[in-house]
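Bear in mind that the values in this text are calculations on the coordinates, not laboratory data. Every value quoted in this text rests on a predicted model; they were computed, and no experiment measured them. Methodologically, a virtual Cβ is constructed for each residue, glycine included, from the backbone with ideal geometry; neighbour enumeration extends over all protein chains shown.
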Protein chains: 2
Amino acid sequence: MSERDKFFMKAAIREAERAFQEDEVPIGAVAVFDGKIIASNHNRKEQLRDPLAHAEMLVVSETSKKLERWRLTGVTLYVTIEPCLMCMGALIHSRIDRLVFGARDPKFGGAKSLYELGEDPRMNHRFEVAEGVMAEEAAQLMRSFFASKR
Amino acid sequence: MSERDKFFMKAAIREAERAFQEDEVPIGAVAVFDGKIIASNHNRKEQLRDPLAHAEMLVVSETSKKLERWRLTGVTLYVTIEPCLMCMGALIHSRIDRLVFGARDPKFGGAKSLYELGEDPRMNHRFEVAEGVMAEEAAQLMRSFFASKR
């Protein structure tokens, strides 16, 4: 794990903590372009009453708006938990360069667990997928959240 | 093909035609709840400069807002072209009852072509997938659009 990846994942963890405070499943994401965070957000599914308002989706939309283009070439996305199928599909469409996630999601994960969508040779875009950066911190937030719900 | 499915697919085709007029890839979708169209939209990726602005995504968000809930139990989604991975992921999250699409998309399709995501037993939600309703009309719109671009 590089110090650089850890640095940006910490920012994603802070977003996940914000989600927790807002009573949302605590997943956070940041997009990095040109060495800087260009967009950051967290899961807002409940607040927005929108099943699509995952952290990654909000960050991809925000990044497109900021860069004024839908192709996110040059962008690395950091997210605390492995993206689901929908978010992996969004990352393929967005043509990101690289994905870094913290902990795996064995139930919904589309990057490693259920499917390896970032690396499907049939897709028109593939990207590097790194995992395990601050995984324990990311997973712990999820466990605390679900424990608090029981 | 039931007359009912054909009726609603015609509305989705009209949305696709709107996309064509707006110089967007011509894909349209409608959501049906309680026998009526509750939301309809078309691909707006270029206009919104958003790689996530597929017809299905816009319709799912709109339907959630109208029903004031993110679970779209009771909803059937009609879309002119087979949904991609991202949209299939969104339909799983949304817990729709049924998906009806027109023509297959061999390059990106996640409902039948590349993956059969609506029927993956590992998912927490599965739904019926019907295909081929007004497929020729839907495919012809796509062919005309891409021919006009060359």
Chain B - percent relative contact order, Cα under 8 Å, separation 6 or more: 21
Distance (nanometres) between label positions extended 7 Å along Cα→Cβ at A:Phe7 and B:Arg150: 4.8
Histogram of C-alpha separations across the protein assembly as shown, 20 Å bin width, %: 35, 57, 8, 0
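Please get the size of the charge dipole for the protein assembly as shown, origin at its Cα centre, with Cβ charges of +1 on Lys and Arg and -1 on Asp and Glu, quoted in debye to the nearest 20.
Numbers: 46 positive and 46 negative charges, 46 e Å.
So the dipole magnitude of the protein assembly as shown works out to roughly 220 debye.
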Cα-Cα over 22 Å, subset of A:Lys45/B:Lys36; A:Lys65/A:Lys112; A:Lys107/A:Lys149; A:Lys112/B:Lys65; B:Lys10/B:Lys107; A:Lys36/A:Lys107: A:Lys45/B:Lys36; A:Lys65/A:Lys112; A:Lys112/B:Lys65; B:Lys10/B:Lys107; A:Lys36/A:Lys107
Share, in percent, of DSSP beta bridges within chain B that are antiparallel, nearest 5: 55
A:Asp23 paired with B:Glu46, simple spin-label distance in nm, labels 7 Å along Cα-to-beta-carbon: 4.4
Cα-centred dipole magnitude for the stretch A:16-73, charges only on beta-carbon of K, R (+1) and D, E (-1), debye, nearest 20: 300
Nm distances between copies for B:Asp97, ranked from closest, using label points 7 Å along Cα→Cβ: 4.8
Dipole of chain B, positive direction: furthest Cα of B:Pro51, B:Phe7, B:Pro26, with charges on the beta-carbon: B:Pro51
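Within 10 Å of each Cβ of A:89-102, how many other protein chain Cβ atoms are there on average?
Values: counts 13, 10, 2, 5, 9, 4, 1, 1, 0, 0, 0, 0, 0, 0.
The mean count of partner-chain Cβ atoms within 10 Å per residue comes to 3.
When you count, for each residue, the other Cβ atoms within 10 Å and take the mean per peptide, how do A:119-126, B:82-89 rank with the highest first? Show your work: numbers first, answer last.
Values: A:119-126: 12.4, B:82-89: 28.9.
Taking the mean over residues of other Cβ atoms within 10 Å, the ranking is B:82-89, A:119-126.
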J(HN,Hα) series, the stretch A:118-130, from Karplus relation 6.51 cos²θ - 1.76 cosθ + 1.60, nearest Hz, glycine and proline x: x, 10, 6, x, 7, 7, 7, 8, 10, 8, 5, 10, 10
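Whole-Å semi-axes of chain B's equivalent ellipsoid, largest first, each the root of 5 times a Cα gyration tensor eigenvalue?
Working: eigenvalues 95, 54, 48 Å².
Each semi-axis is √(5λ); the values are 22, 16, 15 Å.
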For A:Arg4, label point 7 Å along C-beta direction: distances to other copies, nm: 5.7
Between the stretch A:1-49 and the stretch B:20-53, the alpha-carbon center distance in angstrom: 29
Cα-based Rg / Dmax (Å) for the stretch A:1-67: 12.0, 37
Across the identical copies, how the A:Asp23 labels are spaced - nm, sorted shortest first, 7 Å along Cα→Cβ: 4.6
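Test of the criteria: in the stretch A:1-44, which GluC sites (Glu not before Pro) are in a DSSP loop and have at most 14 other Cβ atoms within 10 angstrom of their Cβ?
Details: sites: A:Glu3, A:Glu15, A:Glu17, A:Glu22, A:Glu24; in loops: A:Glu22, A:Glu24.
Here the sparse-neighbourhood loop sites are A:Glu22.
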